[in-house]
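S.K.: So that we are looking at the same thing, I have put the structure below in structure tokens.
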Amino acid sequence: MKYWVIEIFTSIQGEGEVVGYPSNFVRLAGCNLRCVWCDTKYSWLRSDGKEMTVEEIISKLDLRVPYTTITGGEPLLQDLYPLVKALKEKGQKIIVETNGTVMPRKELMELVDVFSVSPKLRNSGYQINYKFHKDWATYYKFVITRLEDVDEVLKFVEDNGINPTKVILQPNGLLKDEEYMKALRQLGDFVVSRGLPFRVLPQLHRILGYR
């Protein structure tokens, strides 16, 4: 089994419930979306990746680090089961970061420890009609570019029967440093003022200057 891979590196997990943990990152090539604020546009095309076997991928990982994050692009466009199975046999905990447009198969869901699902709001340039027939994500992460986006998140939660305590809001990561911190504070103040059950988190890797 071979995968189209953009890059492999080790860093700090900067987002979601696993924020702060050291993690290996396997960024796969190819995405079915082209979000306007995407910070990894270099991963959009499968042809920009390098074909690698499972064994070649694992050889590039620091197995002292307990987590491996499989991201993209959209990683679920490739069959992750052989890679995840091999990583689990090495004792790794697996995080899969996905936009939620591709449903993982049952066998994969049973192996993955954390599904970080980032549904795209209209601010991405898309209006996607998500239908989560099962609340399968570990958490849902939304990029907020303006405070009005939060109402769209509320509708998503209601329409899909999502547990609101699984929802994480974060500012647009393309903002410059001062603008980013201002947007983070405004978002936090807004959630508190509205009495919402959502979490507001920064991209820790961005603040620390990591990848």
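The values are calculated or read from the model by the stated rules, or taken from the named source; none is laboratory data. These figures come from a predicted structure and were not determined experimentally. Cβ placement follows ideal geometry from the backbone for every residue including glycine, while neighbour counts extend to all protein chains displayed.
S.K.: Scanning for something among the hydroxyl-bearing types (Ser, Thr, Tyr), within 22 Å of THR145 (Cα to Cα) and crowded, with 19+ Cβ neighbours inside 10 Å, does the stretch 49-69 turn up at least one residue?
M.R.: No; the residues of the stretch 49-69 include none that is among the hydroxyl-bearing types (Ser, Thr, Tyr), within 22 Å of THR145 (Cα to Cα) and crowded, with 19+ Cβ neighbours inside 10 Å.
S.K.: For the stretch 73-103, what are the residues that are buried (at least 21 other Cβ atoms within 10 Å of the Cβ), assigned to a loop (DSSP other than H, G, I, E, B) and touching an Asp or Glu at 6+ places or on another chain (Cβ under 7 Å)?
M.R.: Result: ASN99, single match.
S.K.: Here is a check on your reading of the model: is GLY30 small (Gly, Ala, Ser), farther than 18 Å from GLN78 by Cα and either surrounded by fewer than 19 Cβ atoms within 10 Å (Cβ to Cβ) or touching a Gly at 6+ places or on another chain (Cβ under 7 Å) (or both)?
M.R.: When the stated conditions are applied, GLY30 does not pass them.
S.K.: With the condition being in contact (Cβ under 8 Å) with a residue 60 or more places away in the chain and either of a type outside the set (Val, Ile, Thr) or in contact with a Pro (Cβ under 7 Å, 6 or more places away or on another chain) (or both), I'd like the strands (runs of 3 or more DSSP E) fully within the stretch 1-66 carrying at least 1 qualifying residues.
M.R.: The qualifying strands (runs of 3 or more DSSP E) are 2-12, 22-28.
S.K.: Among (1) of a type in the set (D, E, K, R); (2) surrounded by fewer than 20 Cβ atoms within 10 Å (Cβ to Cβ); (3) at pLDDT 95 or above, there is one condition GLU17 misses while meeting the rest; what is its number?
M.R.: Result: GLU17 passes all but (3).
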